[in-house]
Every structure is written in C-alpha cells, then in structure tokens.
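Just below is one structure, and these are the notes that go with it.
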Amino acid sequence: MRAQSTRDAWESFQSGEATTVRPQILTSWRRARSNGIDPQRLELTHADIDAQSPFVRAAKPVLLKMADLLVGSSTSLALADADGTLAWRWESERTLSRALDRAEFEPGSRVGEPVAGTNGIGMAQMTNRTSLVIGAEHYKEPWHAWACAASPVMDPISRRVFGTVNVACRAEDANHLLQVAVRTLVDGITTTLREAATARRRRMLHTHLSYCGPAAGPVVTIDQRTMIVDNAPTELHRAELWSIVVAAGPSATEVTLHDGWSARLHPVTQGRLHDGVVLVLERDRRGSCAKHHGVSPLATLSPLEQAEFKVINETLAECGGNKSEAAARLGISRGTLYHRVRRYRLG
C-alpha cells in the first residue's frame, strides 16, 4: 500500500501537481528538479576512484565482517568517497550484483544528489545525517526497485566527512534494520579510524585546539594529508594551502593567501613543517585593497582564460553561487572549480 502511494506521489510531483511525501524526500526532489536531473533515465557520470584510499582501507574490513552475516539476504554494502563517487561495493549474491550493474550503481558512478537526484548516499551527504530512501522515493525511476540507507562517516581527527556507507536491498525487502545496519557500520568504522589515528595527528588536533576559542578568529591546521578547520572564512583547498606553507619554509612566520587573507604560521614542532602547521587567519588589508582597487581580473588573462572566466562566472550566477551544482554543469570536479574560482578571483 505504501509503495503505491509513494509511486502516486512521485508521479504527481513529476506532473507538477501538489503531492504528499516525507518532507525530507520532497525537499530533495525539489533540489533534483532545480538541478535539471532527468527522472526517467539514469545516464550517470563516472569518475576515477581510489580503491586504496584511507577511507576504503579503514572501512572495507568493517563492512566485510558484517558481510558474513548477510550472505543469502539479498543485501549490498557500498562505500562512496566525500565527492559522492561510489568507491567500493559488495553484494550477497550474483543476481544482485548483475541487477546493481544494470542500475549503474557500480564503482566509479557519481551518485551525489546534485548529479543523481534523491538517493541514500546523496541525501546523507546533503543533510550530513543517516538517510533512508525506499522505492519511488528515489528521484530517478530506474531506481524505484531499490531501497537504501546511508550515513556519512566523519574523520575523528579533522571532523570532516570522510565518506559515506550505504546498505541496499530490493524495495520490497526494506525494513528498519537497514538503518540499524548502517549505523552499526558507521560506529565500527569510526572506532577503527580513531584507533588508527597516529600520535602525530593527535598532537595536531591538540595544538589546533590550543589556538581556538570564543574570541579566536579562523584557525586552520594542516599537513600533507589532513586539514582541521574552525570558523573558515571561505572555501579552502588543502593541497593549495599546503603548497603555500611548504614554499614559505619552516622559518616563515606569515604567508599571504587568496581573497585578501593572510595567516600567521605556528608549526606543531618548531622548525618542522611535516608534523603539521597551525594557520591563524586574518584579513590582509593590503591584499584586500589590491583586490578592490587593482586591475580587473580579466586584464592579465589570455583570450582562452578570459573565455573560461566568463563561462565559469556565468555558470556560478545561474546556479546561485552553488559550487557543487556549477561543477556538475561544467563537467569538472569541485576541487578544479575551487581552483579556478580562486585563480580568477570569483569567490
């Protein structure tokens, strides 16, 4: 009965009529429609995956322990990276594997909500909480045969989303145990990540917190692999920040960043960068003035760069400044878009 009422609600929504469905699902449907996602065809985009990423290496053994209990239950377990790309998948039986392949739910598929509409992984990443999507609650009709529960996994050190865990089955087999299973897996992965955190990373967190406080400004602690952020003023890209720190060297006390910001440097270990560095950010008045009173960003660009500048600027305007949506429309990664935004001073 519920399955039919949900299907009726989905059809009413696609016809532009008023509909009754769970509020979080309706909100997600509206986002999918505004993103121009096709509800009837999959047509998923794909990206390269790192099957040996720190997240997959930590999470895969936890999932495989539960897998032993799920053989014969028509259940699939999966991991998605922080960008919503499916990085790893396990299924309890071959028929399920083939069905998931036909549904394009396979490693490398981009299933984040901005590009794939309402689904478990997409909603978990958008809301930063456990989600459950059953049958016709999926925005894309080819996924109406499935049910999935998903939850984000937070890095216990950086406190950023590390990836997402997904438990899926056929829609007719869905029950509350899907959410129980996914939460159990997240707890297990978080414990594994916490136990694996090195003493160096703990020192980074301790040093970072020593510079934070109610009256403190933006603080970023960074090393070659990790970034911990408090009160970030703008989009920050770890690799770019780290390259600036390394270029400045271990004796530097201050560096100039982008968008009119500078930072005072405090190495976790005096005289060493690779143990981590705390950046206490502050407005650079000279940088800010140069931005507003200097030459136009277009003046120093080549014709090709000027064309790229205009396309990105127009796309960001069409997307209301939503960088994830703009990156999807432009067919580039969010990291690439952030780099272009900083390069052309669009942020």
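Computed extension length for Glu305-Glu93: 71.3 nm, one decimal, from 0.36 nm per residue of separation with the Cα-Cα distance subtracted. Using alpha carbons only, how many degrees (0 to 90, rounded to 10) separate the axis of helix 199-210 from the longest principal axis of the chain? Long axis of 199-210 versus the principal axis of the chain: about 70 degrees. Distances between placed amide hydrogens fall under 5 Å for Phe162 paired with Val153, Met154, Asp155, all partners being 5 or more residues away or on another chain.
Give the separation of the Cα centroids, region 171-185 to region 195-217, in Å. If we compute the Cα centre of each part, the gap is 35 Å. Taking the Cα atoms only, what angle lies between the long axis of helix 2-14 and the longest principal axis of the chain, rounded to 10 degrees? It works out to around 60 degrees.
Computed over protein heavy atoms with a 1.4 Å probe, the accessible surface of region 28-170 works out to 40 Å² per residue. For the peptides 218-224, 125-131, residues were scored by their other Cβ atoms within 10 Å and the scores averaged per peptide; the highest-first order is 218-224, 125-131.
Counting only protein heavy atoms and a probe of 1.4 Å, the accessible surface of the chain is 51% carbon and sulfur. Taking Cα pairs under 8 Å and at least six residues apart, what relative contact order does the chain come out at, in percent? Across the chain, relative contact order equals 11 percent. For the chain, the equivalent ellipsoid built from the Cα gyration tensor has semi-axes of 39, 27, 16 Å, listed from largest to smallest. Take the Cβ atoms of Thr198 and Gln40, set R0 to 41 Å, and the FRET efficiency comes out at 0.25.
Non-local lysine pairs in the chain, meaning eight or more places apart or on different chains, with alpha-carbon distances under 28 Å, amount to 5.
Taking Cα centre as origin and charging only the Cβ of basic (Lys, Arg, +1) and acidic (Asp, Glu, -1) residues, the dipole magnitude of region 82-235 rounds to 580 debye. Convex hull volume per residue, computed on the Cα atoms of region 145-274, equals 137 Å³. If the elastic network links every pair of Cα atoms under 10 Å, which of Ala80, Ala252, Ala168 fluctuates the most in the Gaussian network model of the chain? In the Gaussian network model the winner is Ala252. Of the GluC sites (Glu not before Pro) found in region 62-111, those that fall in a DSSP loop while having at most 16 other beta-carbon atoms within 10 Å are Glu93.
The values are calculated or read from the model by the stated rules, or taken from the named source; none is laboratory data. Just so you know, these numbers come straight off a predicted model, no measurement behind them. Note that we place each Cβ from the backbone using ideal geometry, even for glycine, and neighbour counts take in every protein chain shown. When the accessible area is computed, the model is the full protein with side chains, heavy atoms only, and any ligands, DNA or RNA have been set aside. Shrake-Rupley method; radii C 1.70, N 1.55, O 1.52, S 1.80 Å.
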